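The values are calculated or read from the model by the stated rules, or taken from the named source; none is laboratory data. Computed from a predicted structure; not experimentally measured. We place every Cβ from the backbone using ideal geometry, glycine too, and count neighbours over all the protein chains shown.
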Amino acid sequence: MKLTYKSSDVRNASFEDESGQIMYWANTPRGVGSRTSKIVKAQPRSSPDQNLQGSVVGEVEWGFGHDKLRFNGGQEVRASDYMPSHRFMWRYRTFTAPDQGEYSWLLSDDKCELRSKDQRTIAVSHPPKKHLFSENELPYLEVLSGGDHIIDTIVFTFVFVDHVRKTKSGHYKAATRVFKPVGWTTFIDQNGVALYRTDMPWKKLLTTTIIYKEGAPNSSEKVTSDTTIGEIKWCFIRRKITINGEQMDVDKFLVPAKGKLTDVFKKRTFRGPDGTMYEWTVSKDLYSNELRIKDRDLLIAKLQQPKNIFKQKPTLEIYAEADPILDLLITTFAFVDMERKIQLGALKLPMM
């Protein structure tokens, strides 16, 4: 069976067979905190006009290092227990299917391949292909005859391992934002969708940066209004940051490093909602910011400067591990990036 999907992220994709009929779909609501992907098997429709219905095959709850799998909405296990990687070989994931057979997903840079214990190929994903003189090919998951009886498990585990593959290999970013001029910045993902923006209103004498989350289509396909998720007051003596309606001194929330005055502005640490410590650092040349999970030294966001400033714009690469704190990441980035530019001498703010 050939299951074709159009989305670059299988966590939000419909899988269609050769006739164009939807066989499975995966849905992952966008939001802050733990995100859960639901994988659904479509029920046959008696007519094209009938609403599409289905039964839940499984769910993946994405967390910090402890992703969880739920089968048929019931039994819950850690992904690392059900599908352990072999030591440091994250590209090799083995699990036991409902038929009690042992199968292994092999993850390469551009595909996932499922093999049985005797090394027979059971399923393999194919990346999209572009052709100059013919129609481009969409990505698809090919399930061979040896996997028909466990196809639900194959699709369910594929959604998990393909996301792991893209995240670990660096091919997948949760989002890549494109910048407009400082102070009036729009963050646009790789699909061209505006997700966040910042503004420095004239009526506040350019001393306040407001961070908005762009309105998203709701169930009625109407765009909801923007939501204010943060605010920064640029005062000479005591700068303030507002998060979730709570105003704090910047230095108390984004704790600066101790040491020389020049070091103070190069590292700032903050605590996430779940207690995880994060650290923003500025590169030595003052041209980049990086955000890491402090105790794991795991890079989750990085500002990339363009090679050609006349043709390209800076991008903020945000990796999947940052999904649970996306709003907080954008708010703190608005501060540390402005601070970086002040150090660089590229921007001067009025001091009040």
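Side notes on the structure shown:
- Glu321 vs. criteria buried (at least 18 other Cβ atoms within 10 Å of the Cβ), assigned by TED's automatic domain parsing to the domain that holds Phe253, assigned to a helix (DSSP H, G or I) and among the acidic types (Asp, Glu): yes
- Against the test of being of a type outside the set (Ser, Thr, Tyr), farther than 22 Å from Thr185 by Cα, outside the structural domain of Val164 (by TED's automatic domain parsing) and modelled with pLDDT under 75, the options Phe236, Phe310 yield a single qualifying residue, Phe236.
- Residue match in the stretch 148-169 (condition: in contact with a helix residue (DSSP H, G or I) (Cβ under 7 Å, 6 or more places away or on another chain) and modelled with pLDDT under 70): no
- Enumeration of residues in the stretch 122-145 that are in contact (Cβ under 8 Å) with a residue 12 or more places away in the chain and among the acidic types (Asp, Glu): Glu142
- Ala257 vs. criteria among the small types (Gly, Ala, Ser), more than 30 Å from Asp162 (Cβ to Cβ) and modelled with pLDDT of 85 or more: yes
Here is a yes/no grid of residues against (1) among the acidic types (Asp, Glu); (2) touching a residue at least 40 places away in the same chain (Cβ under 8 Å):
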{"residue": "Asp285", "(1), (2)": "yes, no"}
{"residue": "Leu298", "(1), (2)": "no, no"}
{"residue": "Asn308", "(1), (2)": "no, no"}
{"residue": "Pro314", "(1), (2)": "no, yes"}
{"residue": "Ala320", "(1), (2)": "no, yes"}
{"residue": "Ile330", "(1), (2)": "no, yes"}
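- Arg115 assigned by TED's automatic domain parsing to the domain that holds Glu61, at pLDDT 90 or above and out of contact with any Lys or Arg (no Cβ under 7 Å at 6 or more places or on another chain): yes
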